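What follows is a single structure, written as structure tokens, with notes after it.
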Amino acid sequence: MADAEVIAIANQKGGVGKTTATICLGRSAVRDYGARVLVVDMDPQGNTTGSLIRTPIPAGQVRLADAITPDTDVTLREVIVPSIWDGLDVAPGGHTLSVAERKVIAAEYGREHRLREAIAPVLGDYDLILIDNPPTLGLMLINSLVAARKTMLVTEADKWSADGLALLGKTIVNVRNYHNPHLEILGAVVNGWRGTASDKRNADEISQGMAKHFPGVPLWMEYRIPLWTGIKDNIDNGVALDQAKEAKIRVLAADVIRPLAGLMLGRTTV
Ligand SMILES: Nc1ncnc2c1ncn2[C@@H]1O[C@H](COP(=O)(O)OP(=O)(O)O)[C@@H](O)[C@H]1O
Ligand SMILES: [Mg+2]
């Protein structure tokens, strides 16, 4: 069995849709492509975990943080739990990641490689490992970019996003130079699209910024995700977009999310 594709979902800005994209793309990879998927929640806020698991993780149960903390013998396999959807597992994030981060920073060696090492033993268990990230450019994001083979950016079409992506680009270049020379940027997903004149202007600016900072990396305007409360409501209620009551949300799952998941998996057809 080939090793899993490992993809980090990134943007240091909060609220742009990383978690939403991670959940929707992971679901589509399972449902539309039959992939075995692991979602790794690197965010101390743990929103991804909260949305994807049926019952809260009991206090005291090991989580992702324990598997990346130096000098523990907790393995990633021990912390993985099933999600609300068959075929999709979760390595639960949450606030203990903040403590773990401080311990990783204090470690003498291998700070940037904790997640890569934790993931290595389970690469054969999955087709796709999606890493959701915190809204910072800190060591946890660097760990994700070192662990990943590819990164997918998620952005809104707002005024500051072009600058934000340029900053993220610097982090990616540093990760390539020092730790992970083959890290590839798959492309950028536009989320929260309203189709206003300012959205279009900002998308043009992002696209120009990307051409400058990430030549050849696509901004997928054809697969943009609209700003619809139905997206939030379904995810918050644990309903997959492909099973939403609203027909337009199911169409979005089929026409936008599914091709994006195919791009991630390197597959265009089921
Ligand atoms: N396309 C969308 N339409 C409506 N609400 C959205 C959309 N994308 C994200 N949201 C909501 O916006 C908030 C932030 O999104 P989230 O995915 O958590 O962003 P991030 O992980 O980048 O911080 C969440 O409440 C989410 O449900
Ligand atoms: Mg998030």
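Just so you know, all these numbers are worked out from the coordinates, no wet-lab data involved. No experiment lies behind these values; they were computed from the predicted model shown. Note that each Cβ is placed from the backbone with ideal geometry, even for glycine, and that neighbours are counted across all protein chains shown.
Cβ-Cβ distance of VAL173 and ARG36, R₀ of 41 Å, FRET efficiency by 1/(1 + (r/R0)^6): the value works out to about 0.80. Cross-link partners of LYS150 among aspartates and glutamates, defined as those whose alpha carbon lies under 18 angstrom from its own and excluding same-chain residues fewer than eight positions apart: ASP3, GLU5, ASP41, GLU112, GLU117, ASP127, ASP132, GLU184.
Subtracting the Cα-Cα distance of ASP86 and THR136 from 0.36 nm times their residue separation leaves 14.9 nm of extension gain. Taken one residue at a time, the phi angles of the range 167-179 give Karplus couplings (6.51, -1.76, 1.60, θ = phi - 60°) of 5, 4, x, 5, 4, 5, 4, 5, 4, 5, 5, 9, 9 Hz. Gly and Pro are set to x. Remark: the Cα gyration tensor places the range 165-223 in the prolate category, a/c being 1.5 or greater and a/b exceeding b/c.
What value does the range 92-204 have for Rg/Rh, both radii from Cα atoms and Rh as Kirkwood defines it? Don't skip to the answer; put the middle values down first.
Values: Rg = 16.0 Å, Rh = 15.7 Å.
Looking at the range 92-204, the ratio lands at 1.02.
For the range 173-256, GluC sites (Glu not before Pro) are listed when DSSP marks them as loop and at most 14 other Cβ atoms sit within 10 Å of their Cβ; the list is GLU246. Whole-Hz Karplus values for the range 16-24 come out as 8, x, 4, 5, 4, 5, 4, 5, 5 Hz, taken residue by residue from phi with 6.51 cos²θ - 1.76 cosθ + 1.60 and θ = phi - 60°; glycine and proline positions read x.
Here the Gaussian network model covers the chain, with springs between Cα atoms less than 10 Å apart; of LEU139, LEU153, LEU38, LEU139 fluctuates the most.
The largest-to-smallest principal axis extents of the Cα set in the chain are 52, 41, 34 Å.
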